[in-house]
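The values are calculated or read from the model by the stated rules, or taken from the named source; none is laboratory data. These numbers were taken from a predicted model, which means no experiment stands behind them. Glycine gets a Cβ as well: all are built from the backbone with ideal geometry, and neighbour counts include every protein chain shown.
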Amino acid sequence: GDGSFAPDSSDLNATYILGNNDTISAFVTIYLNINNACGLYSDMLNITVTPAPFVDAGQDIVTCSNTLQIQLNGIISAGSSSGIWTTNGSGIFMPSDSILNATYIPSSNDTTNGNIVINLTSTNNGNCIQVSDSFVITFTPTPILSAGSNQTICNVNTANLSGTITNGTVSTQWLTLGTGTFLPDDTSLNVVYTASIDDINNGIVQIILTPVGSTCNLFSDTITLNFISSNSGVDIGSDKSICNGDSISLIPIIQGDTGVFNWSSSGTGIFTPSDSLQNVIFTPSKADIDSGSVYIYLQYNYTCGNILDSLLLSINSLPTASYNYSVDCNSMTASFTNTSIISSGNIAFNNWTFDDGNSSTQQSPIYTYTNFGNYNVELIALSDSGCSDTTSQQITVYQTIVAQFSVSDSTISTSENVIFIDQSVGATSWLWNFGTQSDTIQNPNYTFNNVGEYTVWLYISGAGGCTDSVSHNVSVENHGYAIPTGFSPNGDNLN
């Protein structure tokens, strides 16, 4: 062969260093010659050269810190065909560290430290020494793409876009979910987006800044462009009026862009449930009521500006409904006197209901009931501004009382016990007057002692203090037999 001996060929314990031809031919014969007095002696041995393992772990890799896995492609040939992966990091090899094309899963410590070494070492080397190769994985910060903030564009069809990249560089491209265009192109970070007619009509379009050709696990960023026309408006209606004690619902009409509401007034009333909602209820304060009117304002703030609308709310006085009444006992007729008042304006209409199905619109009506009893009489007083008040009272209509009586005998004699029979209607108490005497029972007995003409009176009272009276003339005669004590034939009253 073409190898050499160390330290030299005369040393019995020399080391043979293979030459190139030895390894190429994979075979070499070594001879040992001894020459002494006895002669020349020789011996030999054959060395078979096995190829050493060849190991290639791959090239150094630079990747982003958010890379989830790294593909390994190790090569082992010649004296071995197998190997094992190791690392100074703390990640794992999948599915196994003995697979040449395994996948390395970095740990968080790997990416935090910034770089790790991956080693591939041959195994099953036979008589050969194991061979290793390594490469370095460097983790760089992950680029972050930003398309900017959402924009609201008023009255124009263009939007300035300024994309940014943090932590490194990467190629990017602008995309639209609409149909507009990018100028000068869609690959520059700073561009102008020109909205199409469809974009304007839709009022909204999404713009995306996305990475192009990056090996990193990068995320796109999306913003929204809102296109608003100039026809936004607010209308809370025309001037209105309410009655004292009432509240008013305010429901404005909004056109165009959505915005923020701020209700206020020139007085001290309150808005419920909040002065920052679209639809509210306004309740005037006492000061508002005393002043008779108050201005209400709505400040509508939207993206492209603000609008103020107002109305005048007039607060009209309430009438105070009231009445007096009297009931005629003898006719079941009630007379009503309207005493309603109003501090401002006029009472234009009155409506009476008599609780028996009938009603009246007279100022102060007189009404006759057909039945006695209790009735709830209601009066509604309506002002010329449409404000009303209601009052009611219970009145009692008493039964019409009629005094009447009869006598037990049509022919009355002195010393006769005469019965006076009450025939009155609705009476609850009686007073009889016989001229010289009186009685309070309903059907009294009375004896006239003297002949003559008498007027008998009956006074009655009923419910509610109603009264009536009646009188009849009674003729009392002497119908008995008398025994004469003297006789006057010539009529001179002398016997």
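Quick notes on this one:
- Total residues in region 235-256, condition without any contact (Cβ under 8 Å) to a residue 60 or more places away in the chain and either within 22 Å of the chain's Cα centre (by Cα) or in a strand (DSSP E or B) (or both): 8
- Taking region 399-472 as the region of interest, the strands (runs of 3 or more DSSP E) fully inside it that hold 2 or more residues being out of contact with any His (no Cβ under 8 Å at 6 or more places or on another chain) are 417-422, 429-433, 445-447, 452-461.
- Members of region 111-154 found to be assigned to a loop (DSSP other than H, G, I, E, B) and hydroxyl-bearing (Ser, Thr, Tyr), listed by number: 142, 149
- Residue 330 meets all of the listed conditions (1) free of Cβ contacts under 8 Å to residues at least 60 places away in the same chain; (2) outside any strand (DSSP E or B) but one, namely (1).
- The lone exception for residue 183 - which of (1) surrounded by 14 or more Cβ atoms within 10 Å (Cβ to Cβ); (2) within 12 Å of residue 161 (Cα to Cα) it fails: (1)
- Within region 17-41, being touching a strand residue (DSSP E or B) at 6+ places or on another chain (Cβ under 6 Å), within 26 Å of residue 128 (Cβ to Cβ) and either in contact (Cβ under 8 Å) with a residue 24 or more places away in the chain or of a type in the set (A, V, I, L, M) (or both) holds for 17, 22, 28, 29, 30, 32.
- Positions within region 193-218 being within 14 Å of residue 163 (Cβ to Cβ) and either assigned by TED's automatic domain parsing to the domain that holds residue 71 or exposed (fewer than 14 other Cβ atoms within 10 Å of the Cβ) (or both), in sequence order: 212
- Identity of the residue in region 25-44, outside any loop (DSSP other than H, G, I, E, B) and surrounded by 11 or more Cβ atoms within 10 Å (Cβ to Cβ), that ends up farthest from the chain's Cα centre (by Cα): 34
- Scope region 265-291; condition outside any helix (DSSP H, G or I), surrounded by fewer than 15 Cβ atoms within 10 Å (Cβ to Cβ) and of a type in the set (Gly, Ala, Ser); matching residues: 274, 276, 285
- Test: residue in region 336-344 that is in contact with a Pro (Cβ under 9 Å, 6 or more places away or on another chain), within 30 Å of residue 293 (Cα to Cα), free of Cβ contacts under 8 Å to residues at least 24 places away in the same chain and not assigned by TED's automatic domain parsing to the domain that holds residue 449: yes
- One residue alone among 314, 335, 310 is in contact with an Asp or Glu (Cβ under 9 Å, 6 or more places away or on another chain), surrounded by fewer than 18 Cβ atoms within 10 Å (Cβ to Cβ) and closer than 22 Å to residue 281 by Cα, and that residue is 314.
- Count of region 436-459 residues which are surrounded by 13 or more Cβ atoms within 10 Å (Cβ to Cβ) and closer than 15 Å to residue 476 by Cβ: 6
- Among the criteria (1) within 25 Å of residue 170 (Cβ to Cβ); (2) at pLDDT below 95, the one residue 126 does not fulfil is (1).
- Residue 226 fulfils the conditions (1) part of a strand (DSSP E or B); (2) within 30 Å of residue 162 (Cβ to Cβ); (3) over 27 Å from the mean Cα position of the chain (by Cα) except for a single criterion, (3).
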